[in-house]
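To keep things clear, I will list the structure first and then write my remarks on it.
The values are calculated or read from the model by the stated rules, or taken from the named source; none is laboratory data. This structure is a prediction, so every number in the text was calculated from the model and none was measured. Glycine gets a Cβ as well: all are built from the backbone with ideal geometry, and neighbour counts include every protein chain shown. Heavy atoms of the whole protein, side chains included, go into the accessibility calculation; ligands, DNA and RNA do not. Shrake-Rupley method; radii C 1.70, N 1.55, O 1.52, S 1.80 Å.
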Amino acid sequence: MLVRLKMALAFHMFAPVWQVSIRARFDFGPRDHAQFMGLVGLTYALSQGFIAKPLVRSFGDKVSRLLLLCILVLGGARPLALYTQSVGVVYACYVPMVIALGVMNTAITTAASRLAQKEQLGGFYGVMESVENVAGMVGPALGGLLARVDGFPATLAAVVCFYAAAFVLVALFFSTHVSGAAAAEAAA
């Protein structure tokens, strides 16, 4: 859940800075936003519908490596997307970021679903969703506050730090505490 919290905070903190940035750099209007968000929505749906399941299966018990790759894509492409002067590069960055986000959410949910017993899954998912919802309330305010204090660099630094913290958590603990526990539960 801590990984989900950090990922959700990074996502939601970036949003207010992102909106201002694309408006300032590319004069994004309503039509541009609609096209961009349409691509994001389609890519996310495709990533969860067609890409995530085969990827999670192919990584098997090494799903933490897939998560680490997703975090690297998310944390590495955001600075490039934020500072590029090419709208084509923005789209080229966002497609793999959205795919990584969809794959990561599927991989975490799949692994975490094996942690709780069937009669506890509803409550377990409720707690996971509430963690993300709290980040959805706090993240934009925090991202906007940081941007107001020090501009885009402060918010971006905080976002990248949250991705780095999530990377460390996954690298150190996911295999043993989530994947390992899920595998042990499945074997029992």
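Before moving on, here are some points about what is shown:
- Global geometry of region 42-108, whether rounded, prolate or oblate, following the gyration tensor of its Cα atoms and the 1.5 cut on a/c: oblate
- Largest accessible area first, the residues T155, T106 order themselves as T106, T155 under a 1.4 Å probe with ligands, DNA and RNA left out.
- Solvent-accessible heavy-atom area per residue, rounded to whole Å², over the chain at 1.4 Å: 52 Å²
- Distance between the C-alpha centres of region 1-46 and region 75-97: 11 Å, rounded to the whole angstrom.
- Apportionment of accessible area to carbon and sulfur, the chain, percent (1.4 Å): 68 percent
- Under 14 Å, Cβ to Cβ, from F14 - net charge with Lys/Arg +1 and Asp/Glu -1: +2
- Two tests apply to each whole DSSP H helix in the chain, Cα reach of 30 Å or more along its axis and mean Kyte-Doolittle hydropathy of at least 0.0, and the ones passing both are 2-26, 63-83, 87-113, 121-150.
- Taking a Cβ cut-off of under 12 Å around L55, the surrounding Lys, Arg, Asp and Glu residues balance to a net charge of +4, with basic ones at +1 and acidic ones at -1.
- Per-selection Kirkwood Rh - the chain (Cα, Å, 1 d.p.): 17.3 Å
- Electrostatic bookkeeping for A166 treats Lys and Arg as +1 and Asp and Glu as -1; over the other residues with beta carbon under 11 Å from its beta carbon, the sum is +2.
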